[in-house]
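**Q** Encoded as structure tokens, here's the structure I'll be asking about.
The values are calculated or read from the model by the stated rules, or taken from the named source; none is laboratory data. Nothing here was measured: the structure is a model prediction, and the numbers come from that model. So basically every Cβ, Gly included, is an ideal-geometry build from the backbone, and we count neighbours across all protein chains shown. The area values use the complete protein model at the heavy-atom level, side chains included, leaving out ligands, DNA and RNA. Shrake-Rupley method; radii C 1.70, N 1.55, O 1.52, S 1.80 Å.
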Amino acid sequence: MIGAVDIGGTKIAVGMVDDEGRVLARTQVPTDPENYNSGMDAIARMLRKTARTAGVELTGIGIGSTGPVDPMRGEFGDVDFLPGWRGKSPVRDLEKIFNVRAALENDGDAAALAEAGWGAGRNRKRLIYVTVGTGIGGGIVLDGELYRGVDGAHPEIGHQVIDPAGPECSCGFRGCWESLAAGPAMAAWFERNSPGNHPHPTGITAQRICELAQQGDAVAIKAVEHEALYLGLGLANLINLFTPDAIVLSGSVMKRAELFMDRIRAMIHRGCRFVPAEKTDLTLASLGEDTNLIGAARVWHYRFAR
Ligand SMILES: [Zn+2]
């Protein structure tokens, strides 16, 4: 039974995942971005607790984390969201505590491996996983192998530039995909374009905007159209560059994918004429809310059980 650890900027989720990708027990705590040691203590405690709940013995630990991480050394890189965790090795520390093997990957890669192995991407030779939520991330799996760049680097599909006149991003560019099409970008567009007397308070989420659009709110419908435009451009770029068998879509914004898909497909049809874009299957992730947690477990299988 694999202990799965999903480390994000706001929460850490831990669970027990069987070798068919089913979550038998799970729990979570808020992340303390400054304090690595208390984070590790919490993770160890949650691993013991969920193993007890599921009535199983831990045989390995898989970790997916917000990046950048060094998967081969099992260390955190220069993680923006977790300044106190930089350079630390959760792999070494958890192996010492539990005396089992552990492995670490970027959470986008972990989720891509899960969808490729246990989810919607099964039997797809060339798969790109895209998650659209508070940011845009993903992973690329080719013939069952995770695509890695130079020195094991994780490609940042969310930072492809869509509009150089767009909003500034921490990556150094303006108008990258994430800065235009992630959930907060959709919310910012809605707030910018709402008339002063619009009945919706600030702090609105992308999901709420989608609900309003379905109820006929004119500004929300425009926001959905813009979102679909940016999603379509980014996905069309991925298809032109990689011509994958499938793109698996996930993340909180994609919970309302039905609102965007017609426009996304039209955009792809319009701008991907030189590749067989109709052969790329755009499909929704099938592992649900726990994709990242299941992905963390899959990291262990990918590293040690192939
Ligand atoms: Zn960026």
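**Q** Okay, helix-only estimate at 222 nm for the chain: each DSSP H run of n ≥ 4 adds -39500 (n - 2.57), divide by all residues, round to 500 deg cm²/dmol; what do you get? Present the calculation step by step, with values, prior to reporting the outcome.
**A** Numbers: 9 runs with 115 residues, N = 306.
Calculated from helices alone, the mean residue ellipticity at 222 nm is -12000 deg cm²/dmol.
**Q** If I model a spin label as a point 7 Å beyond the Cα along the Cα-Cβ vector, how far apart are those points for ARG270 and THR205 in nm?
**A** Once both label points are built, they end up 3.0 nm from each other.
**Q** Something else: So what's the angle, to the nearest 10 degrees on a 0 to 90 scale, between helix 183-193 and the longest Cα principal axis of the chain?
**A** Helix 183-193 sits roughly 30 degrees off the main axis of the chain.
**Q** OK, next. Which lysines have a Cα lying under 25 Å from the Cα of LYS279, excluding residues fewer than 8 positions away in the same chain?
**A** Those lysines meeting the cut-off are LYS125, LYS255.
**Q** Another question about this same structure. Go ahead and run the numbers for FRET between GLU225 and LYS11, Cβ-Cβ distance against an R0 of 35 Å, rounding to 0.05. Walk me through the numbers on the way to the answer.
**A** Numbers: r = 32 Å, r/R0 = 0.91.
The pair GLU225/LYS11 has a calculated efficiency of 0.65.
**Q** Measuring with a 1.4 Å probe in the full set of protein chains, what accessible area per residue, in whole Å², belongs to the chain? Mind showing how you got there, number by number?
**A** Numbers: 14310 Å² over 306 residues.
Value returned for the chain: 47 Å² of accessible area per residue.
**Q** If each residue of separation counts as 0.36 nm, what is the full-extension length gain between GLU278 and ASP80 once their alpha-carbon separation is subtracted?
**A** Numbers: separation 198, 0.36 × 198 = 71.28 nm, distance 3.78 nm.
Extending this stretch completely gives an extra 67.5 nm.
**Q** Could you identify which residue out of PHE81, PHE260, PHE274 has the top mean-square fluctuation in a GNM of the chain using Cα springs shorter than 10 Å?
**A** Of the options given, PHE274 has the highest mean-square fluctuation.
**Q** Let me ask you something else. Using amide H atoms built 1.01 Å from N in the peptide plane, name the residues 5+ places from LEU287, or on other chains, whose amide H lies under 5 Å from its own.
**A** ALA120
**Q** At a 1.4 Å probe radius, which order do TYR129, TYR147 fall into by accessible area, largest first? Write out the running numbers ahead of the final one.
**A** Values: TYR129 5, TYR147 100 Å².
Result of the area sort, largest leading: TYR147, TYR129.
**Q** Can you give me the angle between helix 291-304 and the longest principal axis of the chain, using Cα atoms only, in degrees from 0 to 90, rounded to the nearest 10?
**A** That works out to roughly 50 degrees.
**Q** Work out from phi, with θ = phi - 60° and the Karplus expression 6.51 cos²θ - 1.76 cosθ + 1.60, the ³J(HN,Hα) of each residue of the range 168-173, listed in order in whole Hz, and give x for Gly and Pro.
**A** 5, 10, 5, 6, x, 9
**Q** Here's another thing I want to ask about it. Need one number: nm distance between label points at THR53 and ARG92, each 7 Å from Cα along Cα→Cβ, rounded to one decimal.
**A** Result: 3.1 nm between the two label points.
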